[in-house]
Amino acid sequence: MLTGLFFSAMITVCQAFIPQVIRISVDGVLGSDLSKIPEWVKAFLSEETIRENPGKMLTIAAFAVILLAAINIAANYYSKVFAAKGSESFVKGMRDQLYDHIQKLPYSWHVKNQTGDIIQRCTSDVDVVRNFVTNQLMEVFRIIFLIVFYMVIMFSMNVKISLIAVSFFPIVILYSGYFFSKIAQHFQEADEAEGILSSVVQENLTGVRVVRAFGRESFERKRFDEKNERFAGLWIYLGKFLSLYWSIGDLITGIQILTVICMGVLFTVDGNLTVGEFIAFVSYNSSMAWPVRSLGRIISEMSKAGVSIDRIAYILDEKEEDDRPGVTKPAINKDIVFDNVNFKYEEGAAVLKNVSFTVPAGKTFAILGNTGSGKSTLVHLLNRLYDLPDGCGKITIGGVDIRDIDRQYLRSQIGMVLQEPFLYSGSIKENVGITRESSAFDDIREACEIACVDSAIDSFTDGYETIVGERGVTLSGGQKQRVAIARMLVEHTPVMIFDDSLSAVDAQTDAMIREALKKRMAGTTVILIAHRITTLMQADCIMVLEDGAVAEMGSHEQLMEHHGIYRRIYDIQMNTQLDADSV
Ligand SMILES: Nc1ncnc2c1ncn2[C@@H]1O[C@H](COP(=O)(O)OP(=O)(O)O)[C@@H](O)[C@H]1O
Ligand SMILES: [Mg+2]
C-alpha cells in the first residue's frame, strides 16, 4: 500500500516538472529574463548555449518531456499494482472476518435479520469499502500531495497570482463539504432500498413453490415492482441532486480559471511574470482545477463508504455467542432436567410456563402438543440456541446447569433432526457425512439403512452420488427428513432429538424407522416430538404440552387411563386411522 502511495507521489512530481521544462525553454528561447532560470539548469546548459543555440536547448527539453512522460507511465503502472495488492488483501481480510463473525452470531440474531439484507451488507457494502480503499483513499492522498506540491511551485514563481488562484479552493471544497453532508442520508436510503429489493427477490426465489402453487406470481411481481420503483426513484432523485452539484461546480471552476488567466495576462504585460512563467502558471492552475473538484466528489463518495462502513459495523459490532467463564465439558449421557422453566422470546408473550420434567438418561421421552405449543422452543433451549435468563428456571444435565457447559461441546453432543431439514447443494453422501470430517462410506450407508432411505437412494441412477439441494434432484419431504435422520445418526451422539421429524413419513415407514432405531439407540437418550400418537406411544414417558404448559405426563398406559387430552387425541387419531383403513 505504501509502495503504491510512493509511486503515486512520483507521478505528481513528474507531471509537475513538465511545465517547468516548457517554461525554461520558452523563456530561454524568447530570452526574456535569464536570471529567472534556476541555477541547476545553468550548470547543465550555460547561459551562452541557451542564448546562442536555442535549437539544442529545445531538443534537450523535448527529450526531457519524453523521459518524464516515460517515468510517469511506469510510476502509474506500479502505483496501481501495489495499491490493488494492498487493498485487495485488506478487503479479503474484511470478508473473512465478516463471514467468520456471522458464523458465531447468536441464532436469535439470524432470526431477527433478513438474509437478503445480510447478504447485501457482505457483498455490495464490502464492495463500496473496497472501492474506498482502492481508489478514493489513494486519490485523496494523491490530490492533497498534488495541491501542496503545485502550490509550493506556484508560490515560488509569483505569490500574488498564486493567492488569487488559491483563494477559490476553500469555496470549492466547502461547497463539496456542504453537499456531502446533504447527500449522505440519501445514499443510505438508496442502500436500504436495495437491501429490501434483494430480500424480496431472495424470498421469492426460495419460496418459488409457494408462489407457483398459490398463483401469487402477479402479486409478487407487484410487490417487486413497488420496491423496484422506490429504489429507482431514489436514484433518480440522487441523479438530479448530483447534476446540480456538477453544474454549479463547473461554473465556479470556470470563473477561477478565467480570473487566473486575466490576472496572468495583466501581470505578464506589466513585466511581473515572464511568458514562460505565465504558460507554466496557467498549466498548473488548470491541472489543479480538476483534482480540487474531485476532492469534493471523493468526499461525497466517501460519505457513501461511511454509510457502508456503518452497515458492516452493524454486523461486526454484534456480540458473538460466548460462554460465561469456567464452562466445562461434562458427560451428556445423564438425566436432563427442566426445572420450572419460563421463557418468552424477545418480543411477545410467554411461550413456556412453569415447565418441569426429567428425561432419564438412556430413555425415550416424547412430547405431544399442538403447533405453537412450545415444543421446538424446548429444543432451542436445550441446544442453547437461546439461553434462559436468570430467574426463569433451570435446565440441567447430570446436575450441571447447561449455561455452564461449553456451548459448542453441548451442541456436538446433541443430535437433532428438524421438521424441515435443510440439505446442502451436494451429493447425498456429502449431506449425510457433513457433520463429520471423515465419515466412512460404510457408516453413511448404515445410517441410511436405519433411516430407511437406502432403498430410495439406490433407486436413483447416481445412488449416493445423487446431487440434492438447490441445484439437484428434488427429494420428497419424507425422503429429506430421512436423509436428515441419517445425517444425525452418523454423529453417534449420546442425546438425539427428533423435532417433528417423522411428520412427512408415512405411518408404515415411521414404524420401520422406529424399529431400526430402537436397536441402534440402546443407551441413547431420545427426545421424540411428534403429532402422531403411534410415533410416540412406545416412549418411556410422554409429556403433553398445551399452550406452553405441561398438561399431562406419564406412560402411554397411564395417560390412557387418565382420560385426558392424550386419550382424546388417541381416540380421534385411531378412529381416523380405522376409517382410513376401511376405505
Ligand atoms: N424465534 C422466535 N421469535 C419469536 N417467537 C417465536 C420464535 N420461535 C417461535 N416463536 C413463537 O413461540 C411459540 C411456540 O413456538 P414453537 O416452540 O416453535 O412451537 P411448536 O414447535 O410447538 O410448534 C409460537 O407462538 C411461536 O410463534
Ligand atoms: Mg416445532
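The values are calculated or read from the model by the stated rules, or taken from the named source; none is laboratory data. Since the structure is predicted, the reported quantities are computational estimates derived from the model, not experimental observations. Because the Cβ atoms are built from the backbone with ideal geometry, glycine has one as well, and the counts that use them run over all protein chains shown. The area values use the complete protein model at the heavy-atom level, side chains included, leaving out ligands, DNA and RNA. Shrake-Rupley method; radii C 1.70, N 1.55, O 1.52, S 1.80 Å.
Quick one: count up the residues across segment 447-463 that are part of a helix (DSSP H, G or I) and touching a residue at least 40 places away in the same chain (Cβ under 8 Å).
3
Provide a single number: the residues in segment 537-580 that are open to solvent by 40 Å² or more (accessible area, probe 1.4 Å) and either closer than 13 Å to G369 by Cβ or assigned to a helix (DSSP H, G or I) (or both).
23
Suppose the filter is more than 26 Å from the chain's Cα centre (by Cα), farther than 27 Å from G4 by Cβ and open to solvent by less than 60 Å² (accessible area, probe 1.4 Å); does A61 pass it?
Working: more than 26 Å from the chain's Cα centre (by Cα): yes; farther than 27 Å from G4 by Cβ: yes; open to solvent by less than 60 Å² (accessible area, probe 1.4 Å): yes.
So A61 passes the test.
Give the residues of segment 495-540 that are more than 16 Å from ligand 1 (Cβ to nearest atom), among the aliphatic types (A, V, I, L, M) and within 23 Å of E446 (Cβ to Cβ), sorted by residue number.
Result: V495, M496, V505, A511, M512, I513, A516, L517, M521, A522, V526.
For segment 365-374, name all the residues that are open to solvent by 30 Å² or more (accessible area, probe 1.4 Å) and either closer than 20 Å to T396 by Cβ or β-branched (V, I, T) (or both).
Quick first cut of segment 365-374, residues open to solvent by 30 Å² or more (accessible area, probe 1.4 Å) only: 370-372.
Hit for segment 365-374 is T371, nothing else.
List, please: which pairs have Cβ atoms under 7 Å, are six or more places apart or on different chains, and start with a residue in segment 495-520 that is part of a loop (DSSP other than H, G, I, E, B) and end with one that is of a type in the set (D, E)?
Qualifying pairs under 7 Å: L502/D510.
Are any of the residues in segment 417-427 open to solvent by less than 20 Å² (accessible area, probe 1.4 Å), within 30 Å of G554 (Cα to Cα), away from ligand 1 (no atom under 16 Å from the Cβ) and assigned by TED's automatic domain parsing to the domain that holds A507?
no
Considering V453, V505, which residue is farther than 23 Å from R411 by Cβ, modelled with pLDDT under 85 and either in the same structural domain as L382 (by TED's automatic domain parsing) or open to solvent by 40 Å² or more (accessible area, probe 1.4 Å) (or both)?
Values: V453 fails: modelled with pLDDT under 85.
Just a single option satisfies the conditions, and that option is V505.
Does M543 satisfy being modelled with pLDDT of 85 or more and more than 16 Å from ligand 1 (Cβ to nearest atom)? Steps first, please.
Working: modelled with pLDDT of 85 or more: yes; more than 16 Å from ligand 1 (Cβ to nearest atom): no.
In short, no.
What are the pairs with Cβ atoms under 6 angstrom where one residue, in segment 105-122, is free of Cβ contacts under 8 Å to residues at least 12 places away in the same chain and open to solvent by less than 40 Å² (accessible area, probe 1.4 Å) and the other, located anywhere, is of a type in the set (A, V, I, L, M, F, W, C) and assigned to a helix (DSSP H, G or I)? Sequence gap at least six, or different chains.
Once the first residue is free of Cβ contacts under 8 Å to residues at least 12 places away in the same chain and open to solvent by less than 40 Å² (accessible area, probe 1.4 Å) and sits in segment 105-122, no partner that is of a type in the set (A, V, I, L, M, F, W, C) and assigned to a helix (DSSP H, G or I) comes close enough.
I'm trying to understand the selection: among the residues of segment 331-364, which are more than 16 Å from ligand 2 (Cβ to nearest atom), open to solvent by less than 30 Å² (accessible area, probe 1.4 Å) and either of a type in the set (D, E, K, R) or in a strand (DSSP E or B) (or both)?
Correct list: I336, F338, V341, F357, V359.
Given (1) in contact (Cβ under 8 Å) with a residue 24 or more places away in the chain; (2) within 16 Å of ligand 2 (Cβ to nearest atom); (3) surrounded by fewer than 20 Cβ atoms within 10 Å (Cβ to Cβ), identify the lone condition not met by D406.
Of the numbered conditions (1) in contact (Cβ under 8 Å) with a residue 24 or more places away in the chain; (2) within 16 Å of ligand 2 (Cβ to nearest atom); (3) surrounded by fewer than 20 Cβ atoms within 10 Å (Cβ to Cβ), the odd one out for D406 is (2).
List every residue pair whose Cβ atoms sit under 6 Å apart, with the two residues 6 or more apart in sequence or on different chains, where the first one lies in segment 189-207 and is assigned by TED's automatic domain parsing to the domain that holds E229 and without any contact (Cβ under 8 Å) to a residue 24 or more places away in the chain and the second, anywhere, is assigned to a helix (DSSP H, G or I) and open to solvent by less than 20 Å² (accessible area, probe 1.4 Å).
Matching pairs, first to second residue: N204/E220.
Looking at I153, I164, I143 in this structure, which one is open to solvent by less than 20 Å² (accessible area, probe 1.4 Å) and either closer than 22 Å to Q15 by Cα or in a helix (DSSP H, G or I) (or both)?
Numbers: I153 fails: open to solvent by less than 20 Å² (accessible area, probe 1.4 Å); I164 fails: open to solvent by less than 20 Å² (accessible area, probe 1.4 Å).
Within the list I153, I164, I143, the selection yields I143.
Suppose we filter R209, R230 for residues that are open to solvent by 90 Å² or more (accessible area, probe 1.4 Å) and closer than 30 Å to A184 by Cα; which single one remains? Write out each step before concluding.
Working: R209 fails: closer than 30 Å to A184 by Cα.
When all the criteria are applied, what remains is R230.
Give the residues of segment 380-391 that are open to solvent by less than 30 Å² (accessible area, probe 1.4 Å) and either closer than 18 Å to N340 by Cβ or more than 16 Å from ligand 2 (Cβ to nearest atom) (or both), sorted by residue number. Working first, answer last.
Start the filter on segment 380-391 by keeping residues that are open to solvent by less than 30 Å² (accessible area, probe 1.4 Å), which leaves 381-384, 388.
Within segment 380-391, L381, L382, R384, L388 qualify.
Can you spot a residue in segment 493-500 that is surrounded by fewer than 19 Cβ atoms within 10 Å (Cβ to Cβ) and either farther than 26 Å from P330 by Cα or not aliphatic (A, V, I, L, M) (or both)?
From segment 493-500, those surrounded by fewer than 19 Cβ atoms within 10 Å (Cβ to Cβ) are 494; that's our starting set.
Narrowing the set further to residues that are either farther than 26 Å from P330 by Cα or not aliphatic (A, V, I, L, M) (or both) leaves 494.
Checked against the condition, which is being surrounded by fewer than 19 Cβ atoms within 10 Å (Cβ to Cβ) and either farther than 26 Å from P330 by Cα or not aliphatic (A, V, I, L, M) (or both), segment 493-500 yields at least one hit.
Could you please let me know if S376 is hydroxyl-bearing (S, T, Y) and more than 16 Å from ligand 2 (Cβ to nearest atom)? Please lay out each step first, then the result.
Values: hydroxyl-bearing (S, T, Y): yes; more than 16 Å from ligand 2 (Cβ to nearest atom): no.
Considered against the rule, which asks whether it is hydroxyl-bearing (S, T, Y) and more than 16 Å from ligand 2 (Cβ to nearest atom), S376 comes out as no.
Considering only segment 367-440, give the helices (runs of 4 or more DSSP H) lying wholly within it that have at least 2 residues that are of a type in the set (A, V, I, L, M) and modelled with pLDDT of 90 or more. Walk me through it before giving the result.
Details: elements: 375-382, 407-413, 428-433.
Counting at least 2 such residues, we get 375-382.
Check whether at least one residue in segment 280-300 is under 26 Å from Q120 (Cα atoms), part of a helix (DSSP H, G or I) and open to solvent by 60 Å² or more (accessible area, probe 1.4 Å), and report yes or no. Let's see the steps before the verdict.
Keep residues of segment 280-300 that are under 26 Å from Q120 (Cα atoms), which gives 297-300.
Checking the rest, the ones that are also part of a helix (DSSP H, G or I) come to 297-300.
Next cut, open to solvent by 60 Å² or more (accessible area, probe 1.4 Å) only: 297.
Yes: one or more hits.
Give the residues of segment 79-106 that are under 13 Å from R121 (Cα atoms) and not assigned by TED's automatic domain parsing to the domain that holds R311, sorted by residue number.
none
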